[in-house]
Amino acid sequence: MKKITSIVLSVALAVSMLPNVVQKETANADNPLAQNVYTADPAPMVYDGTLYLYTSHDKDGSDYFYMPDWQCYSTTDMQNWTHHGTVLSDTDFSYAEKDTAWAAQCVERNGKFYMYCPLSNAEGGGRVIGVAVSDSPTGPFKDAIGKPLLGPNWDYIDPTVFIDDDGQAYLYFGNPQLYYVKLNEDMTSYSGEIQKVDMSQGFGVSSDTESRTGALYTEGPWFYKRNNLYYMLYAAEGIPENISYSISSSPTGPWTYKGVIMPKGEDGSAFTNHCGVIDYKGHSYFFYHNQRLPGGGGFTRSAAVEEFSYNSDGSFPVIRMSNDGPEQLEALDPYVRNEAEKICFEAGIETESCSNGGMNVANIENGDYIKVSGVDFGTGAESFTASVASATNGGKIEIHLDSIDGPLAGTLDVPGTDGWQNWVELSCDISGTEGKHDVYFKYIGGDGYLFNVDWWKFEKNNAETSTVSNPIIWSDVPDLDAIRVGDTYYMVSTTMFFNPGAPIMKSKDLVSWKICNYVYDILADGDVQNLKNGKNDYGYGQWASSLRYHNGTYYVFFGSYGTGKSYIYKTNDIEHGTWTKTELNGMYHDASLFFDDDGRNYLIYGAGGTIRAKELNSEMTGFKEGGADKELFSTGLDGLSGEGAHIQKIGDYYYIFLIAWPSNSGRIELCYRSKDILGNYEGKTILDSEGAAQGGIIDTPDGKWYGLVFKDHGAVGRVPVLVPVTWQNDWPIMGINGKVPATVKINGSYNGTFLATDDDFSYDSNKLALEWQWNHNPDNTAWSVTERKGYLRLRNKSLATNILDAKNTLTQRTEGPFCSSIIKLDASNMKAGDYAGLSAFQYKYGNVGVYIADDGSKKIYMAENGIASSGGEISESYNRIIEEVDMTGNEIYLKVDFKFNDVNGNNISNNIDKANFYYSYDGSNWIKIGNELIMSYDLKMFTGYRSAIYSYATKTTGGYADIDSFDYERAEWNQPEEIKPNSLGWYFSNGFENDTEDWTGRGTANVASSANTGYVGNHSLFVSGRTSSWNGAQKILSDRVFKPGKEYSFSVNVKSDSEKITDKFFMKLEYSDADGKKQYAPIAEGIAVKGEWMQLSNPNFKIPLDAEDMHLYIETYDSNNNFYIDEAIGAVGGTGILGAGVQKFILGDINFDGVVDAYDMILARQGCLSSFDSTLAQAAADVDQNGVYDKADLVLIQDFILGIIKKFPVA
């Protein structure tokens, strides 16, 4: 106790000697970065594209280091910070003394987050370091080992943790002595002894004769590695402290002292300091704390941040405290849900835990406000919506632009709602928001607390909406499970015995879906999966799957009655990655994965109305030994009494959604809820309409809720419908007046869902388009799309009796209300007994094809399953030929027309479910053959009808069929509106006369319509605020218009706003390739001369075949100068577009004759003596491109003409 008393006295004495630097109550800056809590000891961490900042928490009005917990903030733009509240407290450690939660650091390893925390030991002896763990960067964290990791020892404070490239983790800590240990891979134990760092060298020399170590080092180490150098930053020189650093080539020293980074004694600095350094999105940031907040002092400190650049040798510059902080990295999107606690600066408000999860803004009083920085409204907003609650009479939210008393964009009236957590959504009109602004939410009202705010969002001015009909996908997509990650939705569905299996689809709007991946190529390799020895997997294979995203990993769970096992698949890249598989014995029927907030994982499953929970281990490789395993509830219904579980936690409740089909009822959607996952559940019917059921609910970024369920639709299969959800007394009620609506309205343009497509089989490798799936496991030695270019070759390597036991049948879904499939078959190499063609594929199939008779003649035929009329087993199937005709030649076109329903507007007829079969020699004149097939959805296969290409042998192997093409057409249903070019062939033309016309800034760049100059008209787009050459202007290219693999014409005119004579510009296409990687394809480039417009143009740019998420953008070569663009046009390929043109420009070619020679030397000398004829001539003479023409350029031109140099060097 004597030692800690002396520390307190020395600190108190030192503070009394410092000048009073507490800031005035009128402080209004973006640094410190949080204003609602006193935050010290900042520790940054980057994870999954977000920067998280962990801080200690100084109690208000403290006169010592009274620190009860650790706070977490996050950002993606370095200006707006979201407060995640308290993520860990000293009370979470049983051995901790109260209010001793000092500087901590968090690190991620193997999907877990470990926080190392110094605390005072409640039993005495000094300080200890504990370790807490969480499955999420925002907690909650819990004590990982139930005892201190290190200590007690009075030196043991301020841990810093780093995992080296070889996987070894190090923990440094200590005041005034620096220590380290090597952590084990579990991050909760260490190997070897605690090591003392030699402080006699490498940490500066202290002038304090009583210093225990003789070093400048005091406390607060921050350890990391950069470019093969290890950095140790720390608070130095006692009280007051500066931030200094040392470096080493080894993680354990020896160290070399390098000097001071942040000096002591700046206005507003605290007598302590504590730093953290991190790189984020190509920028380097230095975090520290000061006392610049109102009420701030040595024991009420606040975290701040500065951007910096390392010197060329890796050393630090001197970094000074600022009030502004770093530049904003990217604009904030106002048109998605934004949490109210996302703040750049605030005055007066507090945050608290929200009943809807996360945090909300609270304790709002009259005159309080929140600033949100860099909000890009584009063409402007028309309305504002906020989720608010009030136990008083409420008040108003005034929305001001660019300052607290700036232009008023709108006012939202907030009434009382009978409770601080009784949330309602309210809206108001907005005007005058075009472009990018800082937004100030100013709160107005009477005395006392006014209201709370959970989230807010704006709606675009004249936002485009689309009306989409149900079913949103008229195709067989059953047992669907959907999640949202950011602004992207992902969905998995059942495809049974088709491979590859468990398709992953993605969407941006919940109605336009595209297949992006499969979970597996084959599930298993037994006889049933390979159609061997009379066995098959029809009706089984992969059943209802659960899709979840947790801590950067995607999980899919499903069971298979065909294998008698269940499976957990994992990947970090859902769109392009491969999945790892874990097998579990037993079939867990219609199971749903759940990751709870406390770090426990569960499987919710069941059938027959009985739903159970079984706990999974933390590694998600099996069930937890001794974990929870219990029945949750029974529905008590008869018939199909409840299955198809989907579990979600929303607010305080766990919700379990089920499908049921009781006697004397249609199928219904049930929901059960409980506030304890293993507790008592209550249930109710939430949808009873058209048999739509089996699915969960999902929210949009703007806070809307929908149910995504399926309904039977005859032979086409089970089809998805989208159903709005409203919340009634915390129950999610599906439907409009209890019914599935005929249409739903979405924001934005509808792009359509297309699950079947044409294919000319022009591939460079044997990797088919994602729309194709094989019936059962394919024999990959028996098919090819590369043996004969432009053809699918199906080799007959095994015998079959009919299509249902034939290998390598290739399928695509059919789509309603009607569709048509055509193949062109080359039968040249088929043998006697071979059958090949096109099928309407199900148990009750219909085939149109060619078979080879014993005499070698070719027969065109139509056949059905001969056993289907009597309902026999699949194994009893046989080919019953209805009609056959002689075939002439070797090539034939075959067609199947599928008709499922008639449609009149949104009125859909009863199921028709008929298929007809045709052949043709020219692809135009069709001859009907055989019967009209009455299609039937049969549970023996449990799938909708498919188009299927087949080839099999019945007598001898060795023959093969070549399919030249697959052509597919479908009737119009939820077809996106076709966007056509205008009479000039232009798809878009942006002149920027009134606004930015959907162009936005890239990186730090700002864009605005400007009247300063224009190539055509009076305005252009001004691009400013650029800090790097890649910062520029960009425009999204819709794949509804600009199709991958097609050619288009692009043109834009640019003008530099720079003192430089020339500036080089690029027009490029940014896109994501097939592997999800960002690519940058050049379209055009050119050199612009100061004050002159220049055209970037390419009339025949071919968009890469695998391009997705496309952006057209303009950037410079190496400058960050401002510039203008005008008349940006995208047009049909080959379209010539008039523009400013490109100057014929060669450095040194002053007379523009295309060569650099003695004539140019004469003009160069004249330019030295007087002037040039034009700015362009002067630019050509500035051969070292430093922006100034002088004698150095003259010498270079002379050397070039004499052959002394081959090219002009850049200054």
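The values are calculated or read from the model by the stated rules, or taken from the named source; none is laboratory data. The shown structure was predicted, so the numbers you read here are calculated from the model rather than taken from an experiment. FYI the Cβ positions are ideal-geometry reconstructions off the backbone, even for glycines, and counts take in every protein chain you see.
Scanning the stretch 395-418 for residues that are more than 17 Å from A347 (Cβ to Cβ) and surrounded by fewer than 21 Cβ atoms within 10 Å (Cβ to Cβ) yields a count of 10. One residue stands out among those in the stretch 87-120 that are crowded, with 21+ Cβ neighbours inside 10 Å and either free of Cβ contacts under 8 Å to residues at least 24 places away in the same chain or of a type in the set (S, T, N, Q) (or both): the one that is farthest from L183 (Cα to Cα), which is T100.
Those strands (runs of 3 or more DSSP E) of the stretch 784-879 in which at least 3 residues are in contact with a Leu (Cβ under 9 Å, 6 or more places away or on another chain), considering only elements entirely within it, cover 810-813, 818-826, 834-841, 846-852, 858-865.
Taking the conditions (1) farther than 28 Å from D376 by Cα; (2) touching a strand residue (DSSP E or B) at 6+ places or on another chain (Cβ under 9 Å) in turn, D1075 satisfies each one other than (2).
Here I963 clears all of (1) more than 34 Å from the chain's Cα centre (by Cα); (2) of a type in the set (A, V, I, L, M); (3) over 15 Å from I822 (Cβ atoms) except the condition numbered (3). I'd like the residue in the stretch 1086-1133 that is in a loop (DSSP other than H, G, I, E, B) and hydrophobic (A, V, I, L, M, F, W, C) and, out of all such residues, is farthest from S1029 (Cα to Cα). It comes out as L1105. Of all residues in the stretch 210-257, those that are of a type in the set (V, I, T) and touching a helix residue (DSSP H, G or I) at 6+ places or on another chain (Cβ under 9 Å) total 1.
Scanning the stretch 134-166 for residues that are among the β-branched types (V, I, T) and either surrounded by 20 or more Cβ atoms within 10 Å (Cβ to Cβ) or assigned to a loop (DSSP other than H, G, I, E, B) (or both) turns up T138, I145, I157, T160, V161. The listed residues are G486, G435, and the only one of them that is in contact with a strand residue (DSSP E or B) (Cβ under 7 Å, 6 or more places away or on another chain) and at pLDDT below 95 turns out to be G435.
Within the stretch 748-799, the set of residues being of a type in the set (A, V, I, L, M, F, W, C) and loosely packed, with under 15 Cβ neighbours inside 10 Å comprises A769 only.
Please determine, by comparing only the residues of the stretch 895-926 that are aromatic (F, W, Y), over 41 Å from the mean Cα position of the chain (by Cα) and part of a loop (DSSP other than H, G, I, E, B), which one is surrounded by the fewest Cβ atoms within 10 Å (Cβ to Cβ). Per the criteria, the residue is Y921.
Of all residues in the stretch 843-862, those satisfying the criterion of being farther than 14 Å from I934 by Cβ and touching a Ser or Thr at 6+ places or on another chain (Cβ under 9 Å) are N847, V848, G849, Y851, K858. Answer yes if at least one residue in the stretch 1126-1146 is of a type in the set (F, W, Y) and touching a strand residue (DSSP E or B) at 6+ places or on another chain (Cβ under 6 Å), and no otherwise. Within the stretch 1126-1146, one or more residues are of a type in the set (F, W, Y) and touching a strand residue (DSSP E or B) at 6+ places or on another chain (Cβ under 6 Å).
For the subset of the stretch 290-341 comprising residues that are more than 25 Å from F271 (Cβ to Cβ) and assigned to a strand (DSSP E or B), which member is farthest from the chain's Cα centre (by Cα)? Going through the qualifying residues, I end up with E307. Checking K1078, K1064 one by one, the residue that is without any contact (Cβ under 8 Å) to a residue 60 or more places away in the chain and within 28 Å of the chain's Cα centre (by Cα) is K1078 and no other. Considering the stretch 654-679, and only residues there that are assigned to a loop (DSSP other than H, G, I, E, B) and among the charged types (D, E, K, R), the residue that is surrounded by the fewest Cβ atoms within 10 Å (Cβ to Cβ) turns out to be D676. Here G1203 fits the description: in a loop (DSSP other than H, G, I, E, B) and more than 22 Å from G1086 (Cβ to Cβ). Scanning the stretch 1153-1162 for residues that are modelled with pLDDT under 90 and in contact with a Phe, Trp or Tyr (Cβ under 8 Å, 6 or more places away or on another chain) yields a single hit, D1153. Scanning the stretch 1150-1173 turns up no residue that is touching a strand residue (DSSP E or B) at 6+ places or on another chain (Cβ under 9 Å), closer than 24 Å to A1088 by Cβ and surrounded by 15 or more Cβ atoms within 10 Å (Cβ to Cβ). Residue by residue through the stretch 582-599, note down the ones that are more than 15 Å from L632 (Cβ to Cβ), of a type in the set (D, E, K, R) and in a loop (DSSP other than H, G, I, E, B). Within the stretch 582-599, D597, D598 meet the criteria. Just one of the listed residues (V439, V424, V453, V492) is surrounded by 17 or more Cβ atoms within 10 Å (Cβ to Cβ) and either more than 30 Å from A362 (Cα to Cα) or without any contact (Cβ under 8 Å) to a residue 60 or more places away in the chain (or both), namely V492. The set of residues in the stretch 409-462 being of a type in the set (A, V, I, L, M, F, W, C), out of contact with any His (no Cβ under 9 Å at 6 or more places or on another chain) and within 21 Å of N747 (Cβ to Cβ) consists of L412, L426, C428, I430, W455, W456, F458.
If you go through the stretch 634-645 one residue at a time, do you hit one that is at pLDDT 95 or above, closer than 25 Å to T553 by Cβ and crowded, with 21+ Cβ neighbours inside 10 Å? Yes, because at least one residue in the stretch 634-645 is at pLDDT 95 or above, closer than 25 Å to T553 by Cβ and crowded, with 21+ Cβ neighbours inside 10 Å.
Tell me yes or no: at least one residue of the stretch 938-957 is under 23 Å from Q773 (Cα atoms), surrounded by fewer than 20 Cβ atoms within 10 Å (Cβ to Cβ) and either among the aliphatic types (A, V, I, L, M) or in contact with an Asp or Glu (Cβ under 7 Å, 6 or more places away or on another chain) (or both). Checked against the condition, which is being under 23 Å from Q773 (Cα atoms), surrounded by fewer than 20 Cβ atoms within 10 Å (Cβ to Cβ) and either among the aliphatic types (A, V, I, L, M) or in contact with an Asp or Glu (Cβ under 7 Å, 6 or more places away or on another chain) (or both), the stretch 938-957 yields at least one hit.
Remark: G276 matches the filter, which requires a residue to be touching a residue at least 60 places away in the same chain (Cβ under 8 Å), within 42 Å of the chain's Cα centre (by Cα) and within 28 Å of D143 (Cα to Cα).
Taken together, N533, N572 contain a single residue that is farther than 30 Å from F113 by Cβ and outside the structural domain of E873 (by TED's automatic domain parsing), which is N533. Restricting the stretch 179-221 to residues that are among the aliphatic types (A, V, I, L, M) and touching a strand residue (DSSP E or B) at 6+ places or on another chain (Cβ under 7 Å), the residue that is surrounded by the fewest Cβ atoms within 10 Å (Cβ to Cβ) is I194. Looking at the stretch 960-1058, what strands (runs of 3 or more DSSP E) fall wholly within it and have at least 1 residues that are in contact with a Lys or Arg (Cβ under 6 Å, 6 or more places away or on another chain) and touching a residue at least 24 places away in the same chain (Cβ under 8 Å)? So the answer is 960-970, 999-1001, 1006-1010, 1033-1037, 1047-1057.
Only one of these conditions is not met by A1140: (1) farther than 29 Å from Q1034 by Cα; (2) part of a loop (DSSP other than H, G, I, E, B). Which number is it? Exception for A1140: condition (1).
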